[in-house]
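Colleague: What follows is a structure written as structure tokens; I'll ask about it next.
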Amino acid sequence: MSEYLPNIIFVSILFFGLYFFVRNLNRLYRNINLGKEINTRDNKKQRLLNMCKIALGQGKIIKRPVSGILHVIVYIGFIVINIELLEIVLDGLLGTHRLFSNYLGSLYGYLIATFELLAVLVIISVSIFWIRRNVIKIKRFFGDNMKGWPKNDANFILYFEVILMTLFITMNAADLRFQEMNSGNLISSYVADFFKGYSNDSLHIIERVCWWAHIIGILIFMNYLYFSKHLHILLAFPNTYFAKLNNLGEINNLNSVTKEVKLMMDPDMAFSNDGTDSEEIEKFGASDVMDLNKLQLLNSYSCTECGRCTSVCPANITGKKLSPRKIMMDTRDRIEEVGKNIDMNKDVFVPDGKSLLNDYISKEELWACTSCNACVEECPISIDPLSIILDMRRYLVMEESSAPLELNNMMSNIENNGAPWPYNQMDRLNWKE
Amino acid sequence: MENNLHIKTMSEYAAEGKEPEILFWVGCAGSFDDRAKKITKAFVKILNSINLEFAVLGTEESCTGDPAKRSGNEFLFQMQAMSNIEVLNSYSVKTIVTTCPHCFNTIKNEYPSLGGEYKVLHHTQFLNNLLKDGRLKIEGGEYKGKKITYHDPCYLGRANNEYQAPRELIQKLELELIEMKRCKSKGLCCGAGGAQMFKDAEKGNKEINIERTEEALNTKTSIIAAGCPFCNTMISDGVKAKEKENDVKVLDIVELIVTAQDL
């Protein structure tokens with residue numbers, strides 16, 4: 001019995017790790033589905049292509065070369081080193097040691113050498129990330145709401161990655177049999193030099209401790225994702241798949257409004273209705289997260305808070321309160337709050353007297369936007385903060401009638417004389433005089 | 001001079017039982033704003049110079065609804081859109097050319113699902129097409145070798161991915177284009193979009209048009225070209241605020257063509 005103890009412990013840890021991870025994914029899925037439907041079933045080919053180019057191929061992040069290349073290194077490292085994870089899990093389940101080495105022959109050495117090289121490159125890249133964030137203090141990592149959790153979260157992720165990679169290399173270095181094979185220990189052979197003079201027993205203990213810490217660390221990290229901006233490593237894929245395909249300049253036409261406007265312009269339509277129209281009056285625009293659509297909520301969970309959007313926002317550059325990143329972070333914070341409310345109240349949302357508008361995002365922020373699409377263009381994973389801003393403006397204007405006075409004047413001009421200024425429509429051709 | 005402009009309305013064409021090649025959508029700025037009216041006229045001069053048959057809607061034209069939509073007033077936008085579409089469809093309009101990227105974007109992208117499907121071109125795209133078809137000739141004239149910078153309007157550039165057409169025209173004018181650091185897809189907004197033109201900016205430490213104008217002035221060129229009446233106003237204001245209006249001209253690309261070709 002006791003000889004199977006490690007296997008049993010491993011299975012239990014793996015089970016709990018996966019159990020909580022799946023539970024979090026379910027919660028995520030539930031929360032995103034609190035949003036309104038949006039049709040994203042069209043054009044599957046183009047969507048797939050976008051996902052391959054932007055998420056899989058890192059096509060947009062690379063536009064800023066320094067952070068872009070560093071990101072690509074960490075990304076490739078993450079994906080490739082996960083192959084090693086498969087061996088670790090199988091070893092843990094079966095009680096084997098380096099299972100793949102028995103089957104892959106010399107290829108195994110090349111594989112592990114690649115992992116080790118990538119592990120070092122990841123450590124270097126992550127260290128540079130840390131320096132950019134904490135020593136050089138690059139501006140876009142600060143400002144608006146980047147204090148407290150967002151700041152710590154960013155650093156925790158970097159620490160996690162360094163620790164996991166270090167454990168991986170130390171594990172290899174302390175693995176006597178692996179070092180004796182002398183194939184694939186590209187980096188760990190140098191670390192192994194430090195262990196000269198250690199007894200075989202202590203080396204075995206170091207190797208085992210690193211092995212367990214590495215796999216437990218990965219499971220913890222996996223469960224940390226849901227609470228972190230690091231969730232983008234999963235959501236960047238669906239996010240780029242579902243992202244808007246049309247020209248950025250196009251803002252959706254609200255169907256509910258179309259119906260009403262058609263009725264107004266053609267009153268006969270009201271009578272030709274067959275009477276089955278029992279829809280309740282729809283709320284126009286968004287004052288809370290449930291008024292947003294699923295894609296907008298997915299956007300908020302996908303955001304990595306990199307701040308490229310805010311760094312190019314003309315309003316933010318000139319000192320206004322608006323920050324597209326904050327729009328996304330606020331949306332996520334609020335949908336999380338709503339989700340917790342639902343969890344605590346037996347699957348129903350009990351109104352908490354709060355809303356995304358005012359409690360999170362102020363009118364001042366919303367009215368500062370020039371709708372220039374710089375934030376949308378800049379986002380490495382095609383998040384659209386502008387659509388949230390515009391949906392909230394729609395609520396302010398159509399439900400609350402609380403546009404700034406000058407905009408109300410502009411709108412009544414359009415209504416009365418077909419131009420944003422008080423000129424008579426009959427004078428529209430006077431320019432030729 | 002002004003009276004030499006040859007302009008016909010859509011209803012005049014209809015009365016003659018004829019159809020023009022294009023409808024020129026003048027836009028509110030192009031119709032009423034003193035600065036933008038000059039751009040409108042410049043465009044018409046070019047069309048007249050090659051005897052291109054075009055019509056305007058005149059008093060039948062109304063705001064596309066862009067500033068209303070971007071302020072959040074979807075009702076007003078759709079009312080404007082639907083009544084404009086009614087007018088346009090009644091004349092069976094097929095091709096629309098506009099000197100304003102906001103009108104361009106709205107008619108091109110937001111009218112189709114409301115029943116208004118047209119081929120919509122920004123004036124720089126249209127002129128560039130004419131150039132390629134050999135119907136329009138452009139030479140450098142008095143601008144030859146002068147330095148210029150070009151400000152990408154958000155609603156032409158990022159919103160609709162048109163960065164080349166205006167640049168190709170500038171190249172034809174034999175001007176030396178000095179790009180700002182923030183150009184093309186990274187172009188900085190002039191500050192007018194999203195209905196900001198019609199209100200004061202929120203509290204901040206700078207006006208957006210000043211930020212952009214400073215960047216344009218840093219190119220040390222004597223001309224700042226734009227392709228949007230609103231960008232033109234914002235940057236002209238910026239140049240005035242920087243007291244550079246005697247050294248630097250803010251011009252639409254059609255104005256450059258008119259001067260260069262001595263139209």
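Colleague: Please list log₁₀ I(q)/I(0) at q = 0.27, 0.30 Å⁻¹ for the range A:293-352, using the Debye equation with identical point scatterers on the alpha-carbon positions.
Modeller: -1.04, -1.14
Colleague: Would you kindly enumerate the cysteines in chain B that have no other Cys beta-carbon under 4.7 Å from their beta-carbon?
Modeller: B:CYS28, B:CYS63, B:CYS183
Colleague: Whole-Hz ³J(HN,Hα) for each residue in the range A:260-268, computed from phi via Karplus 6.51 cos²θ - 1.76 cosθ + 1.60 with θ = phi - 60°, x for glycine and proline: what do you get?
Modeller: Ordered by residue, 3J(HN,Hα) equals 5, 5, 4, 4, 5, 6, 9, x, 4 Hz.
Colleague: Let me know the charge dipole size of the range B:2-131 about its Cα centre in debye, to the nearest 20, where only the beta-carbon of Lys, Arg (+1) and Asp, Glu (-1) is charged. Kindly include the intermediate steps, with their values, before the conclusion.
Modeller: Details: 12 positive and 15 negative charges, 82 e Å.
Charge dipole of the range B:2-131: 400 debye, to the nearest 20.
Colleague: Under the Karplus relation 6.51 cos²θ - 1.76 cosθ + 1.60, θ = phi - 60°, what is the ordered set of whole-Hz ³J(HN,Hα) values for the range A:228-237, x standing for Gly and Pro?
Modeller: Karplus-based 3J(HN,Hα) across the range A:228-237 equals 10, 5, 5, 3, 4, 5, 9, 7, 4, 6 Hz.
Colleague: Would you grab the residues whose amide H sits under 5 Å from the one on B:VAL97? Only those 5+ places off in sequence or on another chain, please, with H modelled 1.01 Å from N.
Modeller: When sequence neighbours closer than 5 places are left aside, the close amide H contacts are B:LEU23, B:PHE24, B:TRP25, B:LEU121.
Colleague: Please list the non-local residues whose amide H lies under 5 Å from the amide H of A:ASN293, H modeled 1.01 Å from N, same-chain partners needing a gap of 5 or more.
Modeller: The answer is A:LYS36.
Colleague: Rank A:ASN24, A:ASN345, A:ASN155 by mean-square fluctuation in a GNM of chain A with C-alpha springs under 10 angstrom and give only the top-ranked residue.
Modeller: Its mean-square fluctuation being the largest, the pick is A:ASN345.
Colleague: Give the cross-link partners of A:LYS137 among the lysines, using a straight C-alpha distance below 20 Å as the criterion and excluding same-chain residues fewer than 8 apart.
Modeller: Cross-link targets: A:LYS147, A:LYS151, A:LYS229, A:LYS326.
Colleague: A further question follows. Relative contact order for chain B using alpha-carbon pairs under 8 Å, separation at least 6, rounded to a whole percent?
Modeller: Values: 431 pairs, mean separation 50.9, N = 263.
The normalised contact order for chain B reaches 19 percent.
Colleague: In the range A:156-224, which GluC sites (Glu not before Pro) fall in coil by DSSP and have 12 or fewer other Cβ atoms within 10 Å? Mind showing how you got there, number by number?
Modeller: Values: sites: A:GLU161, A:GLU180, A:GLU207; in loops: none.
Nothing satisfies the criteria.
Colleague: Please list 3J(HN,Hα) in residue order for the range A:383-393, calculated via the Karplus relation 6.51 cos²θ - 1.76 cosθ + 1.60 where θ = phi - 60°; whole Hz, with x for glycine and proline.
Modeller: Working through the residues one at a time gives 7, 10, x, 4, 5, 5, 4, 5, 5, 6, 5 Hz.
Colleague: While we're on this one: I'd like to know which of A:ASN39, A:PHE142, A:SER188 lies farthest towards the positive end of the charge dipole of chain A, counting +1 on Cβ of Lys and Arg and -1 on Cβ of Asp and Glu.
Modeller: Value computed over the given set: A:SER188.
Colleague: Given the alpha-carbon gyration tensor of the protein assembly as shown, what are the semi-axes of its equivalent ellipsoid in whole angstrom, ordered largest first, with each equal to the square root of 5 times an eigenvalue?
Modeller: Working: eigenvalues 638, 186, 94 Å².
Rounded to whole Å, the semi-axes are 56, 31, 22.
Colleague: Additional query: Only Cα pairs within less than 10 Å get springs; with that Gaussian network setup on chain A, which residue of A:VAL257, A:VAL162, A:VAL350 has the largest fluctuation?
Modeller: In the Gaussian network model the winner is A:VAL257.
Colleague: Under a Cβ-Cβ limit of 4.7 Å, which cysteines in chain A have nobody to pair with?
Modeller: A:CYS52, A:CYS210, A:CYS303, A:CYS306, A:CYS313, A:CYS369, A:CYS379
Colleague: Dipole magnitude of the range A:255-422 about its Cα centre, charges +1 at Lys/Arg Cβ and -1 at Asp/Glu Cβ only, in debye to the nearest 20? Kindly include the intermediate steps, with their values, before the conclusion.
Modeller: Details: 17 positive and 29 negative charges, 148 e Å.
Taking the Cα centre of the range A:255-422 as origin, the dipole is about 720 debye.
Colleague: Same structure, new question: Any chance you could give the angle, 0 to 90 degrees and rounded to 10, that helix A:65-94 forms with the longest Cα principal axis of chain A?
Modeller: Between the helix axis and the principal axis of chain A, the angle is about 50 degrees.
Colleague: Mind ranking B:236-248, A:325-337 by how tightly packed they are, going by the mean number of other C-beta atoms within 10 angstrom, highest first?
Modeller: Ranked from most to least packed, the peptides come out as A:325-337, B:236-248.
Colleague: Helix A:5-32 sits at what angle to the longest principal axis of chain A, using alpha carbons and giving 0 to 90 degrees rounded to 10?
Modeller: Helix A:5-32 sits roughly 10 degrees off the main axis of chain A.
Colleague: Taking B:LYS172 as the anchor, which aspartates and glutamates have their alpha carbon closer than 16 Å to its alpha carbon, excluding any fewer than eight residues away along the same chain?
Modeller: Result set, ordered by chain and number: B:ASP133, B:GLU139, B:GLU142, B:ASP252, B:GLU255, B:ASP262.
Colleague: For the range A:285-347, calculate the relative contact order in percent as a whole number, restricting contacts to Cα pairs under 8 Å that are 6 or more residues apart. Before the final figure, lay out the partial values.
Modeller: Working: 36 pairs, mean separation 19.8, N = 63.
Relative contact order, the range A:285-347: 31 percent.
Colleague: Take every residue in peptide B:23-30, count the Cβ atoms of other chains within 10 Å of its Cβ, and give the average of those counts. Intermediate results must be reported in sequence, preceding the final value.
Modeller: On the way: counts 0, 0, 0, 4, 2, 10, 3, 2.
That average works out to 3.
Colleague: What average count of beta carbons from other chains do you get within 10 Å of the Cβ of residues in A:110-121?
Modeller: Details: counts 0, 0, 0, 0, 0, 0, 0, 0, 0, 0, 0, 0.
Taking the mean over all residues of the peptide, I get 0.
Colleague: Next question. Given the pairs A:LYS294/A:LYS354; A:LYS63/B:LYS244; B:LYS94/B:LYS132; A:LYS432/B:LYS45; B:LYS38/B:LYS186; B:LYS18/B:LYS94, which are separated by over 23 angstrom at their Cα positions? Could you put the intermediate results ahead of the total?
Modeller: On the way: A:LYS294/A:LYS354 20 Å; A:LYS63/B:LYS244 34 Å; B:LYS94/B:LYS132 21 Å; A:LYS432/B:LYS45 11 Å; B:LYS38/B:LYS186 29 Å; B:LYS18/B:LYS94 14 Å.
Listed pairs above 23 Å: A:LYS63/B:LYS244; B:LYS38/B:LYS186.
Colleague: Could you work out the mean count of beta carbons from other protein chains within 10 Å of each residue's beta carbon in B:60-67? Kindly include the intermediate steps, with their values, before the conclusion.
Modeller: On the way: counts 4, 5, 6, 10, 2, 3, 5, 7.
Whole-number average of other-chain Cβ neighbours for B:60-67 is 5.
Colleague: Check every DSSP H run in chain B and write down those whose alpha carbon atoms cover 20 angstrom or more along the long axis and whose mean Kyte-Doolittle hydropathy is -0.5 or greater. Mind dumping the intermediate values first?
Modeller: Details: long enough: B:34-49 (23 Å, -0.33); B:74-90 (24 Å, 0.29).
Helices meeting the criterion: B:34-49, B:74-90.
Colleague: Enter the Cα centre distance for the pair the range B:197-251 and the range A:184-246, rounded to the nearest angstrom.
Modeller: One Cα centre to the other: 52 Å.
Colleague: Further question: Compute the long axis of helix A:149-173 from its Cα atoms, compare it with the longest principal axis of the Cα atoms of chain A, and write down the angle in degrees, 0 to 90, nearest 10.
Modeller: It works out to around 20 degrees.
Colleague: Then there's this: Within the set B:LYS146/B:LYS240; B:LYS41/B:LYS144; A:LYS259/B:LYS69; B:LYS206/B:LYS242, which residue pairs have Cα atoms separated by over 18 Å? The partial results should precede the final answer.
Modeller: Details: B:LYS146/B:LYS240 21 Å; B:LYS41/B:LYS144 23 Å; A:LYS259/B:LYS69 16 Å; B:LYS206/B:LYS242 13 Å.
Exceeds cut-off: B:LYS146/B:LYS240; B:LYS41/B:LYS144.
Colleague: Separate question: Placing +1 on the Cβ of each Lys and Arg and -1 on the Cβ of each Asp and Glu in chain A, which of A:GLY95, A:LEU158, A:LEU254 has its Cα farthest towards the positive end of the resulting dipole?
Modeller: Result: A:LEU158.
Colleague: Which of the trypsin sites (Lys or Arg not before Pro) across the range A:14-107 are loop residues per DSSP, with 10 or fewer other Cβ within 10 Å? Don't skip to the answer; put the middle values down first.
Modeller: On the way: sites: A:ARG23, A:ARG27, A:ARG30, A:LYS36, A:ARG41, A:LYS44, A:LYS45, A:ARG47, A:LYS53, A:LYS60, A:LYS63, A:ARG98; in loops: A:ARG41, A:LYS60, A:ARG98.
Here the sparse-neighbourhood loop sites are A:ARG41.
Colleague: Separate question: In vacuo Debye scattering of the range B:164-236, one point per C-alpha: log10 I(q)/I(0) at q = 0.11, 0.19, 0.27 Å⁻¹?
Modeller: Once normalised to I(0) and log-transformed, intensities are -0.30, -0.84, -1.46.
Colleague: OK, next. Looking at A:SER302, A:TRP367, A:PRO380, which one has the Cα that reaches farthest to the positive end of the dipole of the range A:255-422 (charges on Cβ: Lys, Arg +1; Asp, Glu -1)?
Modeller: A:PRO380
Colleague: Which one, A:GLY109, A:GLY319, A:GLY92, has the greatest fluctuation when you compute a Gaussian network model over chain A with C-alpha springs under 10 angstrom?
Modeller: A:GLY319
Colleague: Give the relative contact order (percent, whole number) for chain A; include only Cα pairs under 8 Å separated by 6+ residues.
Modeller: Computed value for chain A: 19 percent relative contact order.
Colleague: Once you order the gyration tensor axes a ≥ b ≥ c over the Cα atoms, which shape class does the range B:28-176 get: rounded for a/c under 1.5, otherwise prolate or oblate by comparing a/b with b/c? Write down the numbers at each step before the final one.
Modeller: Working: a/c = 2.02, a/b = 1.65, b/c = 1.22.
Verdict is prolate for the range B:28-176.
Colleague: Still on this model: Let's see if you can work this out: charge +1 on each Lys and Arg Cβ, -1 on each Asp and Glu Cβ, no other charges. What is the dipole magnitude of the range A:7-155 about its Cα centre, in debye to the nearest 20? Please list the in-between numbers first.
Modeller: On the way: 20 positive and 8 negative charges, 221 e Å.
It works out to roughly 1060 debye.
Colleague: When only alpha-carbon atoms are used, what values of Rg and Dmax, in angstrom, describe the range A:20-157?
Modeller: Every Cα atom of the range A:20-157 included, Rg and Dmax give 19.7, 54 Å.
Taken together, the values in this text are just the output of simple stated rules run on the coordinates, not laboratory data. The structure presented is a predicted model; accordingly, all values stated were derived computationally and were not measured. We place every Cβ from the backbone using ideal geometry, glycine too, and count neighbours over all the protein chains shown.
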